[in-house]
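Asks: Have a look at the structure that comes next, please.
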Amino acid sequence: MIKQQSAQIYTSTSRGETTLAMKFKRFSTFNFNEYRADSRESFGTIEVINEEILAPSQETTTDLKSNTELLLIPLFGTIQYNDHLNDSHFIKIGQILHATAQKGYSYSIANAYSKDNISYLQIWLKSENSISKTTLTTLAFDSNPKNKLTLIYKSQNTIGFIGVFNGRKDGCYSLKNKNNGAFVYVISGAFEVENRLLETNDGLGLKETEVIEWEALSENAVLMLFEVPL
């Protein structure tokens, strides 16, 4: 019996928005803090995908309430990252910070610029690890081979990739486990994914599928893909 693919689009315009005066703005793909919508539950092991904008000389602090795999991806400017274990990093465009964090882990993100905003993606994945540590993985998008996916995260249950594609270049991904789902997120540009148009900050959750195909519709378009258990 052929499975019928199940799909849900998470448009950028339907994300939850949180604004703190002129200091901070957050756009949440899934339910987060005070933002709640019936159609915006987390997807598999992906609990949070937030686009966050931090004003000049501002800082935000987070205390995690469960074991979490944290990924931070700068979109504009350089992020200053510090945690309660005295681990500190400056994360630049083209880099991804991965922190394995226990419940109670505290970290801050700061904007060291005096005049410019910074923006970044903050991603939380469910974790079963019991040790807190951070690693800074450099991904030079301009030097990595284009038009293919680069592994950015792997655990026993979840795999994450990112890729930069030229316009009109195709791509495909075959799930490692046919019982898993896939979540595609467009970081920049536009793609046609499984015959659906996705633009910057749009997401697509796919279930009951084994192969995902896409075509980049703009130059240097950036796509992120996670395979997750459901």
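We did not get these values from a lab; they are worked out from the coordinates using the rules stated. Small disclaimer: the values here were computed from a predicted structure and weren't measured. Cβ placement follows ideal geometry from the backbone for every residue including glycine, while neighbour counts extend to all protein chains displayed.
Asks: Please work out whether the stretch 92-138 counts as rounded, prolate or oblate from its C-alpha gyration tensor, where a ≥ b ≥ c are the square roots of the eigenvalues and a/c under 1.5 means rounded, while otherwise a/b larger than b/c means prolate and anything else oblate?
Replies: Cα axes put the stretch 92-138 in the prolate bin.
Asks: Using 7 Å Cα-to-Cβ label points, what is the SER155/ASN195 separation (nm, one decimal)?
Replies: 3.4 nm
Asks: Residues with amide H under 5 Å of LYS169's amide H, sequence separation 5 or more or different chain, H placed in the peptide plane at 1.01 Å from N; which?
Replies: Those lying under 5 Å, H to H, from LYS169 are ALA216.
Asks: Using 7 Å Cα-to-Cβ label points, what is the ASN177/ASP116 separation (nm, one decimal)?
Replies: Going by the 7 Å Cα→Cβ label model, 4.1 nm.
Asks: Further question: Find the lysine pairs in the stretch 94-230 meeting two conditions, Cα atoms under 21 Å apart and a separation of 8 or more places or different chains, and report how many there are.
Replies: 17
Asks: What is the list of residues in the stretch 59-89 whose amide nitrogen lies under 18 Å from a point 7 angstrom out from the Cα of SER108, following Cα to Cβ?
Replies: Output list for this probe position: 59-64, 78-89.
Asks: Could you check the spin-label model distance between SER6 and GLU219? Points 7 Å from the Cα along Cα→Cβ, value in nm.
Replies: Reported label-point gap for SER6 and GLU219 is 4.1 nm.
Asks: Please list 215-225, 144-154 highest first by mean number of surrounding beta-carbon atoms within 10 Å per residue.
Replies: Ranking the peptides 215-225, 144-154 by packing returns 215-225, 144-154.
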